[in-house]
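The values are calculated or read from the model by the stated rules, or taken from the named source; none is laboratory data. Source: prediction; values computed, not measured. Here the Cβ positions follow ideal geometry from the backbone for every residue, glycine too, while neighbour counts run over all protein chains shown. Areas reflect the complete protein model, heavy atoms only, side chains present, ligands, DNA and RNA absent. Shrake-Rupley method; radii C 1.70, N 1.55, O 1.52, S 1.80 Å.
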Amino acid sequence: MDVVIGIDTGTTSTKGIAAGPDGEIRALTSVHYPLAVPAPGRAELDPVQLADAARKALIDVAAACRERGDRVIAISLSSFLHALVPMDGDGKPAGPVVTWADNRAAAQCERIVAEGRARELQARTGTPVHPMSPLPKLAWWAETDPGTLRGAARWGGVKELIVAALTGGPFQVDLSIASGTGLYDIHARRWDDEAVEIAGVRHSQLAEVVPTTTSLRLSTEITAAAGLDAGTPLIIGAADGPLANLGVGATPAGIGAVSLGTSGALRTVVGVPTADAAGRLFCYALTEDRWVIGGAVNNAGSVVRWAGQTLMPGGDGEDADERDAALLEEASRVVAGSEGLLCLPYLLGERAPWWRPGLRGAYLGLRREHGRPHLVRAAVEGVCQQLALVRDSFDAEGHPLTEIRATGGAAASKLWVDVLAAALDLPVTVADVPEGTALGACLLGRHALGELPDLDQAAALVHTGRPVRPDPDDAEFYRRLRPLVEKSALAVLDVVAELDRLAPEPLPSTEKAVRS
């Protein structure tokens, strides 16, 4: 069988799959690495580990394909958004990869907002002004380490790093990743002059932006190590979020895709780059004529993992997945609403729909009768309510949804899916694909080769289970509760800001190296 290999570089692992023309996954591998939290507010990855993981994933999947007698006709790339890494003139990293979860640029964001520049920047670039994105990250560098900022020959992200590792060639980035930097004008299709000026970099330090279907050439070292034909094309691909929509078949109008992993997101596909009037939604490219709008939330499966580490004896043990499953099982026996307990699940801050980096987590309405199952269920409800607020923004912008396709580790839980369906008040179908984002990369690769002319055809290739329909009583309850989520979240902003000021030292990080 002719297969395309998809390589998806994520925050804690790189996934590699090989998929046939009907979407059947023929080979699968995963390479893990730790997310470093060297100080409060920081979240970094080792760029050498990322590059090595991409090479290993490619070599391992290619070997599995040879064993099956499959022929690799292309490789296609996916990577997570909003990363930033200094590089030398040969594309080699000159420092750690600063990830989307890094919050050290909060003060720079506050200043851009105070200057009244944030809304127009978001309208042009499609990226909210938030510490996650490279724009304020670079502004932080300009203020704290201007020598490094000016001295780095290149500033790129994960995709530029992986392209350099696999090709040794041009300094290029795809349109999808560029659209998530906060530095690129998605309407004029060029680096934005005002954003580049705020960032303190030169245009020459940023990569050439190319279509997501662009074909590159693998280095001879890589083709030899992977046993591939010398002419096997490398499709530069897109960002993980837009590719997740493609990988679960959520490209037709009205179908939304929810990712429920460590973090979460709700996205839908539109035909042209779109800026919402309230500034609540991002807009990132899938291709030149397919754009994904939506919102990402910082906290999803991470809240249950935190609960297990915090609320269960021996919570730091190795059986984390089993522990999470046990917590969710006992939480499923609690009624919707957690008996009057409301959770703001912002353990890692929050992004959509408000993009306020100062948000912190809280439980409201806590009583003596509440136990561990209530705390866990309320946390799950809090995450799903946050995604429902993003869905409400879709409605306000004239992009109503009729169904949801869900993917990610948390989507394997019945409680997560039931609460999500009720909070969104939409049927939720769990996509029967182990790696939707990597499959999306494979499908985009076939599109680049001309074998999948219409991306909407992907919906017929993705196998799904039966839809989970919302419980009408739960859906009505969550709808009535949702205004209290927004009211509470914004009401505690001043309180948590004062708590931060009162802390004599930065709160010590209790996070260890994180693995998905």
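Any residue that is open to solvent by less than 10 Å² (accessible area, probe 1.4 Å), of a type outside the set (A, V, I, L, M, F, W, C), modelled with pLDDT under 95 and part of a strand (DSSP E or B) - is there at least one of those in segment 259-266?
Yes, some residue in segment 259-266 is open to solvent by less than 10 Å² (accessible area, probe 1.4 Å), of a type outside the set (A, V, I, L, M, F, W, C), modelled with pLDDT under 95 and part of a strand (DSSP E or B).
Residue-by-condition table, conditions (1) open to solvent by 50 Å² or more (accessible area, probe 1.4 Å); (2) farther than 27 Å from residue 211 by Cβ; (3) touching a strand residue (DSSP E or B) at 6+ places or on another chain (Cβ under 7 Å); (4) at pLDDT 95 or above:
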site: 269; (1), (2), (3), (4): no, no, yes, yes
site: 273; (1), (2), (3), (4): no, no, yes, yes
site: 278; (1), (2), (3), (4): yes, yes, no, no
site: 288; (1), (2), (3), (4): yes, no, no, yes
site: 301; (1), (2), (3), (4): no, yes, yes, no
site: 315; (1), (2), (3), (4): no, yes, no, no
site: 337; (1), (2), (3), (4): no, yes, no, yes
site: 350; (1), (2), (3), (4): no, yes, yes, no
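For residue 59, state whether it is touching a residue at least 24 places away in the same chain (Cβ under 8 Å), closer than 17 Å to residue 166 by Cβ and in a strand (DSSP E or B).
Details: touching a residue at least 24 places away in the same chain (Cβ under 8 Å): yes; closer than 17 Å to residue 166 by Cβ: yes; in a strand (DSSP E or B): no.
The answer is no for residue 59.
Is it true that residue 454 is of a type outside the set (Gly, Ala, Ser), open to solvent by less than 80 Å² (accessible area, probe 1.4 Å) and modelled with pLDDT of 90 or more?
Details: of a type outside the set (Gly, Ala, Ser): yes; open to solvent by less than 80 Å² (accessible area, probe 1.4 Å): yes; modelled with pLDDT of 90 or more: yes.
Answer is yes for this residue.
For segment 350-373, state whether one or more residues are hydroxyl-bearing (Ser, Thr, Tyr) and under 25 Å from the mean Cα position of the chain (by Cα). Walk me through it before giving the result.
Of all residues in segment 350-373, those hydroxyl-bearing (Ser, Thr, Tyr) come to 363.
Now restrict to residues that are under 25 Å from the mean Cα position of the chain (by Cα): none.
Checking segment 350-373: not a single residue is hydroxyl-bearing (Ser, Thr, Tyr) and under 25 Å from the mean Cα position of the chain (by Cα).
Name the single residue that is modelled with the lowest pLDDT among those in segment 492-516 being farther than 30 Å from residue 30 by Cβ and assigned to a loop (DSSP other than H, G, I, E, B).
Going residue by residue through segment 492-516, those that are farther than 30 Å from residue 30 by Cβ are 492-508.
From what's left, assigned to a loop (DSSP other than H, G, I, E, B): 492, 503-508.
Values: 492: 89, 503: 75, 504: 65, 505: 60, 506: 55, 507: 51, 508: 46.
The qualifying residue modelled with the lowest pLDDT is 508.
Pull up segment 205-219, narrow it to residues that are under 23 Å from the mean Cα position of the chain (by Cα) and either part of a loop (DSSP other than H, G, I, E, B) or aromatic (Phe, Trp, Tyr) (or both), then point me to the one that is surrounded by the most Cβ atoms within 10 Å (Cβ to Cβ).
212
Determine whether segment 85-104 contains at least one residue that is open to solvent by 10 Å² or more (accessible area, probe 1.4 Å), of a type in the set (Phe, Trp, Tyr) and either in a loop (DSSP other than H, G, I, E, B) or more than 23 Å from residue 459 (Cα to Cα) (or both).
Our first condition is that a residue be open to solvent by 10 Å² or more (accessible area, probe 1.4 Å); within segment 85-104, this holds for 88-90, 92-96, 100-101, 103-104.
Remaining after also requiring of a type in the set (Phe, Trp, Tyr): 100.
If we keep only those that are either in a loop (DSSP other than H, G, I, E, B) or more than 23 Å from residue 459 (Cα to Cα) (or both) too, we end up with 100.
Yes, segment 85-104 contains a residue that is open to solvent by 10 Å² or more (accessible area, probe 1.4 Å), of a type in the set (Phe, Trp, Tyr) and either in a loop (DSSP other than H, G, I, E, B) or more than 23 Å from residue 459 (Cα to Cα) (or both).
Just to be sure before I move on: is residue 74 touching a helix residue (DSSP H, G or I) at 6+ places or on another chain (Cβ under 7 Å), part of a strand (DSSP E or B), open to solvent by less than 60 Å² (accessible area, probe 1.4 Å) and small (Gly, Ala, Ser) in the structure I sent?
Details: touching a helix residue (DSSP H, G or I) at 6+ places or on another chain (Cβ under 7 Å): yes; part of a strand (DSSP E or B): yes; open to solvent by less than 60 Å² (accessible area, probe 1.4 Å): yes; small (Gly, Ala, Ser): yes.
It is true that residue 74 is touching a helix residue (DSSP H, G or I) at 6+ places or on another chain (Cβ under 7 Å), part of a strand (DSSP E or B), open to solvent by less than 60 Å² (accessible area, probe 1.4 Å) and small (Gly, Ala, Ser).
Out of the residues in segment 165-194 that are aliphatic (A, V, I, L, M) and more than 22 Å from residue 242 (Cα to Cα), which is most open to solvent (accessible area, probe 1.4 Å)?
Our first condition is that a residue be aliphatic (A, V, I, L, M); within segment 165-194, this holds for 165-166, 173, 175, 177-178, 183, 186, 188.
Pick out the ones that are also more than 22 Å from residue 242 (Cα to Cα) and you get 165-166.
On the way: 165: 21, 166: 1 Å².
The residue in question is 165.
Mind checking whether some residue in segment 318-332 is open to solvent by 10 Å² or more (accessible area, probe 1.4 Å), assigned to a loop (DSSP other than H, G, I, E, B) and either touching a strand residue (DSSP E or B) at 6+ places or on another chain (Cβ under 7 Å) or among the small types (Gly, Ala, Ser) (or both)? Walk me through how you get there before you give the answer.
Residues of segment 318-332 open to solvent by 10 Å² or more (accessible area, probe 1.4 Å): 318-326, 328-330, 332.
If we keep only those that are assigned to a loop (DSSP other than H, G, I, E, B) as well, we get 318-319, 332.
Okay, now just the ones that are also either touching a strand residue (DSSP E or B) at 6+ places or on another chain (Cβ under 7 Å) or among the small types (Gly, Ala, Ser) (or both), so 332.
Checking segment 318-332: at least one residue is open to solvent by 10 Å² or more (accessible area, probe 1.4 Å), assigned to a loop (DSSP other than H, G, I, E, B) and either touching a strand residue (DSSP E or B) at 6+ places or on another chain (Cβ under 7 Å) or among the small types (Gly, Ala, Ser) (or both).
Determine the pairs where a residue that is among the β-branched types (Val, Ile, Thr), located within segment 229-249, has a partner that is part of a helix (DSSP H, G or I) and modelled with pLDDT of 95 or more with Cβ atoms under 6 Å apart, the partner being 6 or more residues away or on another chain.
Hits for this filter: 235/445; 235/448.
Among the residues of segment 450-475, which ones are within 24 Å of residue 423 (Cα to Cα), more than 25 Å from the chain's Cα centre (by Cα) and touching a residue at least 40 places away in the same chain (Cβ under 8 Å)?
Residues satisfying the conditions are 469, 470, 471, 473, 474, 475.
Would you say residue 422 is open to solvent by 40 Å² or more (accessible area, probe 1.4 Å) and among the hydrophobic types (A, V, I, L, M, F, W, C)?
Values: open to solvent by 40 Å² or more (accessible area, probe 1.4 Å): no; among the hydrophobic types (A, V, I, L, M, F, W, C): yes.
Spelling it out, it is not the case that residue 422 is open to solvent by 40 Å² or more (accessible area, probe 1.4 Å) and among the hydrophobic types (A, V, I, L, M, F, W, C).
Which residue out of 207, 178, 188 is within 15 Å of residue 83 (Cβ to Cβ) and out of contact with any Asp or Glu (no Cβ under 7 Å at 6 or more places or on another chain)? Spell out how you get there, then give the answer.
Details: 207 fails: out of contact with any Asp or Glu (no Cβ under 7 Å at 6 or more places or on another chain); 188 fails: within 15 Å of residue 83 (Cβ to Cβ).
None of the others qualify; the one that does is 178.
Identify, from the list 143, 160, the residue that is within 19 Å of residue 198 (Cβ to Cβ) and among the acidic types (Asp, Glu).
Values: 160 fails: within 19 Å of residue 198 (Cβ to Cβ).
Step by step, each of 143, 160 is checked, and only 143 is within 19 Å of residue 198 (Cβ to Cβ) and among the acidic types (Asp, Glu).
For segment 475-491, check the following and say yes or no: at least one residue is surrounded by 12 or more Cβ atoms within 10 Å (Cβ to Cβ) and assigned to a loop (DSSP other than H, G, I, E, B).
No, segment 475-491 has no match at all.
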